[in-house]
Amino acid sequence: MKYQKTLYDKIVAEHTVCKLDPDGNEVLLYVDRTVLNEYTSPQAFTGIRDAGRSVWRPQAALGVVDHVNSTRADRTALSGTELDIQSDYFARNCADFGIELFDLFHRQQGIEHVVMPELGLVLPGLVMAAGDSHTTTYGAFGALGFGIGTSDIEHLLATQTLAYRRLRNMRINIDGALPLGVTAKDLIMHVIREIGASGASGYAVEFAGSAIRGLSMEGRMTVCNMAVECGARGALIAPDQRTFDFVTAKPRSPTGPALRDALKAWTRLRSDSDAVFDRHVDIAASSIAPMVSWGTSPDQAAPISASIPDPADETDPARRRDAERALDYMGLESGAALTSVKIDRAFIGSCTNARIEDLRAAAQVLKGRRVAPGVSAIIVPGSSQVRREAESEGLDRVFLDAGFEWRQSGCSMCLAMNDDVIPAGERCASSTNRNFEGRQGAGSRTHLMSPAMVAAAAVAGHLCDVREMEACHAV
């Protein structure tokens, strides 16, 4: 009897160089491409240099400055001496080992998980590993992407392979039409809340169903990007015509006969009809509402119409303690309406939600409105290309007229690794992916939500249901 395979099984099998154990649970996996940044690569390059090795396939790597750089408009310098040294060392490493670099002033500079797809370097069926946990983003294209540590980066650069432990298979099926005002960000936050922050640990998750198929490529990237927040080390969406149209329009995608051959292979990239999954999760799209996080883990979230939960209602002791600690850190009282929570800052950006579609959605909410007094608001496009596109559409004027600061591209306020840091005690409505303690600055308080919801909160001065605003039909 023929063994029916999942999409994940097929990609891993195609890239397996050899088994590392008799059962094939550990394999040596060939990796097609990687993207490097200035923050997670230095030790790997130092290890290669000290061992006298070379990079095996430098053309399979791209270097991007995105984590530590300032996003301020002048772009004259990095944020400080230590960050200057870090970025300079990265540039030296890329030059020494023949790796293409998009430095701070490059026309294509931006966040790695935004830049790679917009160039056409993410293709269906590839295996991609990088020193950033949100490499799962590439699953939107039917590519297996996952984050790796520094020692693995060194091994990958030296050999183009990794020792890899196979994952179990999970399918999350979401059927139906998303309700008015509900976005891909709300969808994935709903999933994370449903299965928990470790609900997909040890699994590769395949997202399926009519609601997933109905998402744009930007929306699919958002879903796969945040799959890591429920523990998944791989996330996949089977490629379809929407995928092919997106990829083939990019400057570095295959052309001519190579493209024709690729398209034939890509159309076969899907799970077999009777492939066996170790776990199934079914969610009705109609049950999803605009979401916001209230705690310090992405699964501590609720629909915007809800109240802040009472830890006493949690039956699991560990989860109860986590909720108590989260509310204490966040300075919130159980039972209060989420819409009563006032904010100090609003941030739209990150590898999760800083693509052109995200900026358009925010602009629809902000057009003709003003940021509330006392709220500091910034928008950081995911790449220099996104920034140019937004400006060509006049979105920058909408943001500036509304009272947002319009920035250059970079990771910015997603993580406190540059000069965009939230002071202790201040509360931020954020389109990012993590709300951990201190993620946006020591003592800072983060509420995750979609870009449209961030825009609505900025205007209201507190967490706000975007559906109550006239522009929600365009979200």
- Please tell me if Leu327 is part of a helix (DSSP H, G or I) and within 30 Å of Pro381 (Cβ to Cβ). no
- Message: For a quick check of your reading of the model, give me the residue pairs whose first member lies in the range 173-185 and is in contact (Cβ under 8 Å) with a residue 12 or more places away in the chain and of a type in the set (D, E, K, R), whose second is exposed (fewer than 15 other Cβ atoms within 10 Å of the Cβ) and part of a strand (DSSP E or B), with beta-carbon atoms closer than 8 Å and at least 6 apart or on different chains.
- Response: Asp175/Asp282; Asp175/Ala284
- Neighbours by Cβ (under 7 Å, 6+ apart or cross-chain): first from the range 10-35, surrounded by 15 or more Cβ atoms within 10 Å (Cβ to Cβ); second among the acidic types (Asp, Glu) and in a strand (DSSP E or B): Leu20/Glu26
- Note on the structure: The correct count of residues that are out of contact with any strand residue (DSSP E or B) (no Cβ under 8 Å at 6 or more places or on another chain), part of a loop (DSSP other than H, G, I, E, B) and buried (at least 18 other Cβ atoms within 10 Å of the Cβ) in the range 235-256 is 2
- Note on the structure: For Lys264, the lone unmet condition from (1) at pLDDT 95 or above; (2) within 19 Å of Ala336 (Cα to Cα) is (2)
- Test set (1) surrounded by 21 or more Cβ atoms within 10 Å (Cβ to Cβ); (2) out of contact with any Phe, Trp or Tyr (no Cβ under 9 Å at 6 or more places or on another chain); (3) within 20 Å of Gln160 (Cβ to Cβ) - Ala60 fails condition number: (1)
- Query: Can we say Arg434 is outside the structural domain of Thr136 (by TED's automatic domain parsing), under 25 Å from Ala306 (Cα atoms) and touching a Phe, Trp or Tyr at 6+ places or on another chain (Cβ under 9 Å)?
  - Reply: no
- Taking the range 441-457 as the region of interest, how many residues are touching a residue at least 40 places away in the same chain (Cβ under 8 Å) and in a loop (DSSP other than H, G, I, E, B)? 2
- Scan of the range 213-238 for residues that are over 12 Å from Gly145 (Cα atoms) and either in contact with a helix residue (DSSP H, G or I) (Cβ under 7 Å, 6 or more places away or on another chain) or polar (S, T, N, Q) (or both), ordered by number: Leu215, Ser216, Met217, Glu218, Gly219, Arg220, Thr222, Val223, Met226, Glu229, Cys230, Ala238
- Message: Taking the condition of being assigned to a strand (DSSP E or B) and of a type in the set (Asp, Glu), how many residues in the range 400-424 meet it?
- Response: 1
- The condition of being assigned to a helix (DSSP H, G or I), within 22 Å of the chain's Cα centre (by Cα) and modelled with pLDDT of 95 or more holds, among Arg388, Arg434, Arg397, only for Arg388
- Message: Please determine whether any residue of the range 109-131 is over 30 Å from Ile188 (Cβ atoms), out of contact with any Gly (no Cβ under 7 Å at 6 or more places or on another chain), of a type in the set (S, T, N, Q) and touching a residue at least 40 places away in the same chain (Cβ under 8 Å).
- Response: no
- Candidate set: the range 111-157, residues that are out of contact with any Lys or Arg (no Cβ under 9 Å at 6 or more places or on another chain) and part of a strand (DSSP E or B); chosen: the one surrounded by the most Cβ atoms within 10 Å (Cβ to Cβ): Gly145
- Query: (1) touching a helix residue (DSSP H, G or I) at 6+ places or on another chain (Cβ under 8 Å); (2) without any contact (Cβ under 8 Å) to a residue 40 or more places away in the chain; (3) closer than 12 Å to Leu36 by Cβ: which one isn't true of Ala91, the others all being true?
  - Reply: (1)
- Note on the structure: If we ask which residues in the range 296-317 are acidic (Asp, Glu) and surrounded by 12 or more Cβ atoms within 10 Å (Cβ to Cβ), their number turns out to be 3
- Residue in the range 359-380 that is surrounded by 22 or more Cβ atoms within 10 Å (Cβ to Cβ), closer than 27 Å to Ala442 by Cα and among the polar types (S, T, N, Q) present: no
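Yes or no, residue by residue, for (1) over 28 Å from the mean Cα position of the chain (by Cα); (2) aliphatic (A, V, I, L, M):
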| position | (1), (2) |
| --- | --- |
| Lys250 | no, no |
| Asp274 | yes, no |
| Ala312 | yes, yes |
| Arg325 | no, no |
- Query: Only one residue in Asp261, Asp272 is part of a helix (DSSP H, G or I) and of a type in the set (Asp, Glu). Which one?
  - Reply: Asp261
- Given Gly145, Gly149, Gly176, Gly181, which one is in contact with a Phe, Trp or Tyr (Cβ under 9 Å, 6 or more places away or on another chain) and not assigned by TED's automatic domain parsing to the domain that holds Val466? Gly145
- Query: Quick one: in the range 150-199, which of the residues that are polar (S, T, N, Q) and more than 21 Å from Tyr8 (Cα to Cα) is nearest to the chain's Cα centre (by Cα)?
  - Reply: Thr183
- Message: Residue pairs, Cβ under 6 Å, 6 or more apart or interchain, first in the range 325-344 and on the phi > 0 side of the Ramachandran plot, second of a type in the set (Ser, Thr, Tyr) and surrounded by 12 or more Cβ atoms within 10 Å (Cβ to Cβ). List them.
- Response: Gly335/Ser307
- Grab the strands (runs of 3 or more DSSP E) fully contained in the range 158-234, keeping just those with 1 or more residues being surrounded by fewer than 24 Cβ atoms within 10 Å (Cβ to Cβ) and small (Gly, Ala, Ser). 161-165, 203-208
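The values are calculated or read from the model by the stated rules, or taken from the named source; none is laboratory data. Please read all numbers here as calculations on a predicted model, not as lab measurements. Virtual Cβ from ideal backbone geometry, glycine too; neighbours counted across all protein chains shown.
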